[in-house]
Amino acid sequence: QVQLVESGGGLVQPGGSLRLSCAASGTTTSILTMGWYRQAPGKQRELVAVISRSDSTNYADSVKGRFIISRDNVKNTVYLQMSSLRPEDTAVYYCKVDGLLRNYWGQGTQVTVSS
């Protein structure tokens, strides 16, 4: 089993920055890909960015050039550095970890971009 604890969400003005963190505990040796997804009100959950154990990354087109995903395999933590935030980035952001046998989701953290 893997437990995930997210932090770093909040309210930020357009153009601002936030960094999300997701710390994994438990059977962390089984962790493969780590990633961030988001869900805005009335919309489906969508991929934001993912990173493999070898640090290969993939981003949604809407965040390329503005968001950076990274991971620390010693701390079993994945980060999402978000810059140049826009109102349309407002959503609940979820951490997701792919294990050997199943996937795990965090509880979600709210990010609100508003003036």
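General observations
- Ranked by the mean number of other Cβ atoms within 10 Å per residue, highest first, peptides 89-99, 38-48 order as 89-99, 38-48.
- Pairwise label distance in nanometres, THR29 with SER56, each label 7 Å out on the Cα-Cβ vector: 2.4 nm
- Value of D in µm² per second that Stokes-Einstein yields for the chain, Kirkwood Rh from Cα pairs, at 4 °C (1.567 mPa s): 92 µm²/s
- Residues of type lysines that LYS43 reaches as a straight line, Cα spacing below 29 Å, ignoring anything fewer than 8 places off in the same chain: LYS64, LYS96
- R0 of 35 Å, Cβ-Cβ distance ASN73-GLN13: FRET efficiency to nearest 0.05: 0.55
- Relative contact order [Cα under 8 Å, 6+ residues apart], the chain, whole percent: 37 percent
Computed from the coordinates by the stated procedures, all read-outs in this text should not be read as laboratory data. What you see is a predicted model; the values in this text were computed from it and never measured. Cβ sites come from the backbone with ideal geometry, for glycine too, and all protein chains shown count toward neighbours.
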